[in-house]
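These notes concern the structure reproduced below.
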Amino acid sequence: MAELGQAALVVCLGLSLYALAAGAIAAKKRRRRLAASAANALIAAFGASAVASVVLLVGLLRHDFSLVYVADSTSRALPSGYTISAFWGGQEGSLLLWLLILTGFSAAAVLLNRRTARDLMAWVVPVLGLVAVFFSFLLVVVATPFATQVAPADGAGLNPSLQNPYMLAHPPLLYLGYVGLTVPFAFGMAALLSRRMDERWIVATRRWTLAAWTFLGLGQLAGSHWAYVEVGWGGYFAWDPVENAALMPWLVATAFLHSVMVQEKKGMLRVWNMLLVILAFCLSLFGTFLTRSGILSSIHSFTEGSIGPWFVGFIALVIAGSLALVFARLPLLRTKTRLESPISREATFLYNNLLLVAFSLTILWGVLFPILSEAFRGEASAVRGPYYNFFLRTFGLPLLLLMGIGPLIAWRRASLKALKRTFAWPAAAALVIGGALLALGAGSSPIGLIAYTFSAFVLASILLEFTVGARARRSLAGGSWPGAVAALVNRNRRRYGGYVVHAAIVLLAIGVAGSSYDTSREATLRPGATMAVGDYSLRYVRSFDRQAANALERRAVVDVSRGGEVVGHLEPGSNWYPAEEQTSSEMAIRTDWLRGEDLDLIVEEFRQDGRIELRAIVNPLVNFIWLAGLVFLAGALITLWPDAREQRRLAARYAETGSTPAHA
């Protein structure tokens, strides 16, 4: 089996090399048959990577410990679900997942666009082939998952932190996002190489970018929930280097999705958009490098290996090559259209872009600083949470406010009179909500109060947009309000799906702001003793042990009371994993949706005399973060859903130029 898996990877490398070389020659010399052959090679590379993936998966499920990767990542006691998740739990398997998704996306991009935008596709194939060559080369030469050994009796098991249901989804979602950004990058480079500087490459990749951006967002939320329930600290985001590495390309992709609307509408920001798509792709490579190189200490970085220098070299190659191409095409990228007024929708999009990119680069500096410090000074100087929190407030609050301003302001220029009329209701709603919160004592956290006030402004702006649009629909076609809203969304899914996503970001902001009002207490308790946290009284009853499939579970039984009445029982504790010889903390959570808060209990230590060290945290509004994920998914699906009207508009638009629109 190992020979079959390795052979499949070698075939994948050969096919990718052919797609790169033959595709480049075909595009340069305009040889259509050779271009089709290169595209077919890229499709076949997906088949080869799928064979390698199936071989590794079978090895994991059969506990074939003659494979070094299987022995290092699993054990016989490991449940089947986590055995499957071991596929991406280690360095070699995660690289194979990268290659599988990359070749799958490449094949899909070729099949969906092979009869349209042929001048673009001729160059898209070799660009995708170049990326596939890099990852297949790593798997064949540097970090193969099919290295063999004399099979031990049992494996080393899987890192306990990865033995969580959210880890079945979190890494694949992030990889779908990381790899998905390769497609818009390839189309952007193809536009430069083919000298086609119109908006066709953006139209061809709009849904690819939206899908990648959605996967990255959902992956980060799943990872935040994993950290909240698994790590045992009562938090959901710690500005960990690998967390930051996933956040940066999402921020840049967010900027790109906003600025392409300006390019489509006004023909502006062509150079900027090209730079954004390059930056997003490079940051996705950088995120994979951080996770799998072991260059920085991180709870998310589970392996160290020799792939680091290869990644650095490839990222440098991509940056140098793509920027050289942009500079070479600057005369074609420049447009005569200019920003007419600093008070316009395109101006707000530009401000939004600048803030998003500035925040992303600030995070990048925080991640790189320890690496550079160690390289030049011989000691790593870690960048702590206060640095990131300062810039989150500095850039995040204006971004939140712009989400409410952008949709309501006019294109080209807006008069002060129109602004007063447009923003009267949202501003009034924000002032009322802010005043009410201040009266209720929310002023103890000024940043939180500002965030809540801005959130009210944005939600009022979104509600106003839906109300005005639905009223107009009813005046034309009649019907009910729900029917009018549905028709409104159906006629412009991209716009109103975006508003739903904005509402999700507001819910996220509310949840994050709520953490500034949390309450925490620690105490050492013997059986029968009590402690108080917030409005809760906690009584430690007893502790017990139980055997799970692959771990020994130790739990403390805690009665939870409020107002003299028992409202629940929680069992925080820890798990001991014999195969891995590691212990993990297991937090207990009680969610009260009516009060909008979580009670989190964490046992810091079980003492031999029967006492426990218990930490209790009351987290207000934290569940708004998880609710935001559902709303975010709904908005993204609305935006991604195919729109026949949009396709007809694009077809009519490109019929005027005698070209065929690429698949959107």
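The values are calculated or read from the model by the stated rules, or taken from the named source; none is laboratory data. Being a predicted model, the structure only gives us computed values, none of them experimental. When we count neighbours, we look across all protein chains shown, and the Cβ atoms used for this are built from the backbone with ideal geometry, even at glycine.
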Handout entry: Checklist (1) in contact (Cβ under 8 Å) with a residue 24 or more places away in the chain; (2) exposed (fewer than 15 other Cβ atoms within 10 Å of the Cβ); (3) under 23 Å from residue 622 (Cβ atoms); (4) not charged (D, E, K, R) applied to residue 396, failing item
Key = (2)
Practice task
Pick out the one residue from 11, 58, 70, 54 that is assigned to a helix (DSSP H, G or I) and either under 23 Å from residue 578 (Cβ atoms) or assigned by TED's automatic domain parsing to the domain that holds residue 193 (or both).
Solution key: 70
Exercise for the section: For the stretch 125-137, state whether one or more residues are under 23 Å from residue 21 (Cβ atoms), of a type in the set (Gly, Ala, Ser) and surrounded by fewer than 22 Cβ atoms within 10 Å (Cβ to Cβ). Expected result: no
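Can you go through 281, 286, 256 and tell me which one is under 18 Å from residue 347 (Cα atoms), crowded, with 20+ Cβ neighbours inside 10 Å and either of a type in the set (Gly, Ala, Ser) or at pLDDT 90 or above (or both)? Break it down stepwise before answering.
Numbers: 281 fails: under 18 Å from residue 347 (Cα atoms); 286 fails: under 18 Å from residue 347 (Cα atoms).
Just a single option satisfies the conditions, and that option is 256.
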Exercise for the section: Identify the residue in the stretch 442-472 that is at pLDDT below 85 and either assigned to a helix (DSSP H, G or I) or at positive phi (or both) and, among all such residues, is surrounded by the most Cβ atoms within 10 Å (Cβ to Cβ). Expected result: 442
Practice task
Take residue 575 and decide whether it is outside any strand (DSSP E or B), in contact with a strand residue (DSSP E or B) (Cβ under 9 Å, 6 or more places away or on another chain) and of a type outside the set (Gly, Ala, Ser).
Solution key: no
Exercise for the section: Could you please find all residues in the stretch 313-331 being surrounded by 15 or more Cβ atoms within 10 Å (Cβ to Cβ) and of a type outside the set (Phe, Trp, Tyr)? Expected result: 315, 318, 319, 322, 325, 326, 329
Exercise for the section: Only one of these is in the same structural domain as residue 330 (by TED's automatic domain parsing) and within 20 Å of residue 315 (Cβ to Cβ): 236, 175. Name it. Expected result: 175
Problem - Matching residues, the stretch 473-494, being of a type in the set (S, T, N, Q) and either assigned to a helix (DSSP H, G or I) or exposed (fewer than 13 other Cβ atoms within 10 Å of the Cβ) (or both) - result: 475, 480, 490
Problem - Index of the failed condition, residue 169 passing every other in (1) closer than 30 Å to residue 25 by Cβ; (2) surrounded by fewer than 24 Cβ atoms within 10 Å (Cβ to Cβ) - result: (1)
